[in-house]
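Participant: Attaching a single structure in structure tokens format; questions to follow.
The values are calculated or read from the model by the stated rules, or taken from the named source; none is laboratory data. Treat the numbers as computed from the prediction; the structure is a model and nothing was measured. Don't worry about glycine lacking a Cβ; one is built from the backbone with ideal geometry, like all the others, and counts go over all protein chains shown.
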Amino acid sequence: MKTFYSILYCTIRPNLDERVSIGLFIGNEMACRFEYSIEKLSIVKGLFSESAFEMVKISLKSLRKLTVESKSDFLNPYRGAATVNSKYFSYLSKYANNLITYSEPRAIDVDLNESNFDRLFGKFIFQLPTSLDVSIKTIEIAKQRITNSLAGRVNFNAELDSTNVPGLIVPSKVWFIGKNEVQVTGEVKDFNGQRPHLIQQQIGAHLYLIDRIKDTPIGKNGHFFLIGDEPSKALSENHKLWKAVKDSSTLDLVATNEVGRIENYMEEHGVEPLF
């Protein structure tokens with residue numbers, strides 16, 4: 001399987017060929033991924049006029065939209081092989097000479113998965129601060145604690161479909177689920193260590209699942225936990241998403257140092273596995 005990548009650059013001073021790497025596209029015959037650095041974009045904003053910066057954002061968002069539309073879904077096969085392929089990026093590398101430019105696509109011998117994409121994004125575009133590793137470790141510790149303390153009370157890594165949740169069109173996964181007089185679910189989210197676009201997609205999918213659960217008699221007044229810590233305010237888009245969840249009336253946001261609240265709820269309400 002031939003995987004290739006192309007780096008997107010934001011041109012600062014065309015006369016000096018001065019540019020900043022801003023985004024990364026990786027694709028092959030089966031899948032594709034594209035992300036750009038919101039952090040670097042905010043840094044270079046002051047170097048452009050308002051109209052020019054708007055054009056930069058439009059170019060980046062257009063490629064993201066094209067990439068999303070090219071992905072597979074539960075009804076359609078992958079469509080990117082006919083659109084966002086290496087020939088397409090080779091063309092852009094030669095003829096796109098505006099505020100956003102593209103490197104000639106290069107072959108790379110790696111599997112296209114989230115881990116490899118994040119590693120290459122950190123190498124070519126933007127590396128999240130190493131201090132965020134502390135947040136990631138904190139989440140893993142909280143997950144391990146809950147896994148141990150709620151063993152026997154909930155189902156972990158549960159696969160749900162229309163037989164469990166009527167009206168659920170697409171099968172979905174949830175980190176844990178249980179029941180008492182109502183259904184109780186739990187999910188975990190690293191607001192520091194992921195790019196905002198991924199966080200938004202994943203929370204949206206989780207809220208869709210919860211809406212379907214709430215349509216059932218036992219889920220109508222359910223309790224839906226989400227474990228996640230407040231991200232650095234320097235990650236402005238991540239922080240907005242965290243605050244949206246915090247202000248939500250649907251999700252009960254729990255910090256990693258407060259997971260005892262989940263354990264107490266399970267004990268007080270006698271929660272049992274759904275299955």
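Participant: Pull out all pairs, ordered by first then second residue, where Cβ-Cβ is under 6 Å, the residues are six or more apart or on different chains, the first lies in the range 82-95 and is crowded, with 18+ Cβ neighbours inside 10 Å, and the second is in a loop (DSSP other than H, G, I, E, B).
Facilitator: S86/P105; F89/P105
Participant: Let me ask you something else. If N180 passes every condition in (1) crowded, with 19+ Cβ neighbours inside 10 Å; (2) touching a strand residue (DSSP E or B) at 6+ places or on another chain (Cβ under 9 Å) but one, which one does it miss?
Facilitator: Only one criterion in (1) crowded, with 19+ Cβ neighbours inside 10 Å; (2) touching a strand residue (DSSP E or B) at 6+ places or on another chain (Cβ under 9 Å) is unmet by N180, namely (1).
Participant: Then there's this: Can you tell me which residue is surrounded by the fewest Cβ atoms within 10 Å (Cβ to Cβ) among those in the range 16-31 that are under 10 Å from A81 (Cβ atoms) and in contact with a strand residue (DSSP E or B) (Cβ under 7 Å, 6 or more places away or on another chain)?
Facilitator: The extreme case among them is N28.
Participant: Starting from residues that are out of contact with any Phe, Trp or Tyr (no Cβ under 8 Å at 6 or more places or on another chain) and of a type in the set (A, V, I, L, M), keep the ones in the range 189-203 and report whichever is farthest from K65 (Cα to Cα).
Facilitator: Step by step, filter the range 189-203, then rank; the result is I203.
Rundown of residues vs (1) of a type outside the set (S, T, N, Q); (2) closer than 24 Å to K137 by Cβ; (3) without any contact (Cβ under 8 Å) to a residue 12 or more places away in the chain; (4) surrounded by fewer than 16 Cβ atoms within 10 Å (Cβ to Cβ), yes/no style:
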{"site": "K189", "(1), (2), (3), (4)": "yes, yes, no, no"}
{"site": "D211", "(1), (2), (3), (4)": "yes, no, yes, yes"}
{"site": "I227", "(1), (2), (3), (4)": "yes, yes, no, no"}
{"site": "E230", "(1), (2), (3), (4)": "yes, yes, no, yes"}
{"site": "S236", "(1), (2), (3), (4)": "no, yes, no, yes"}
{"site": "V259", "(1), (2), (3), (4)": "yes, yes, no, no"}
{"site": "E268", "(1), (2), (3), (4)": "yes, no, yes, yes"}
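Participant: Of all residues in the range 238-257 being surrounded by 15 or more Cβ atoms within 10 Å (Cβ to Cβ) and among the aliphatic types (A, V, I, L, M), which is nearest to G178 (Cα to Cα)?
Facilitator: In this case the residue turns out to be L251.
Participant: Scan (1) closer than 28 Å to N238 by Cβ; (2) of a type in the set (G, A, S); (3) at pLDDT 90 or above for the single condition S86 breaks and write down its number.
Facilitator: (1)
Participant: Within the bounds of the range 58-71, is there any residue that is out of contact with any Pro (no Cβ under 6 Å at 6 or more places or on another chain), touching a residue at least 60 places away in the same chain (Cβ under 8 Å), more than 27 Å from G193 (Cα to Cα) and not small (G, A, S)?
Facilitator: Scanning the range 58-71 turns up no residue that is out of contact with any Pro (no Cβ under 6 Å at 6 or more places or on another chain), touching a residue at least 60 places away in the same chain (Cβ under 8 Å), more than 27 Å from G193 (Cα to Cα) and not small (G, A, S).
Participant: Considering the range 19-45 alone, what residues qualify as being more than 16 Å from S93 (Cα to Cα) and of a type in the set (A, V, I, L, M)?
Facilitator: Of everything in the range 19-45, those that are more than 16 Å from S93 (Cα to Cα) and of a type in the set (A, V, I, L, M) turn out to be M30, A31, I38, L41, I43, V44.
Participant: Which ranges mark the strands (runs of 3 or more DSSP E) fully within the range 110-229 that have 1 or more residues being in contact with a Gly (Cβ under 6 Å, 6 or more places away or on another chain) and not hydroxyl-bearing (S, T, Y)?
Facilitator: 172-179, 183-188, 223-227
Participant: Filtering the range 181-198 down to residues that are at pLDDT 85 or above and over 18 Å from the mean Cα position of the chain (by Cα), which residue is farthest from N221 (Cα to Cα)?
Facilitator: Result: T185.
Participant: Identify all residues within the range 3-17 that are in a strand (DSSP E or B) and within 22 Å of F89 (Cβ to Cβ); write none if there are none.
Facilitator: Listed by number, the residues that qualify are T3, F4, Y5, S6, I7, L8, Y9, C10, T11, I12.
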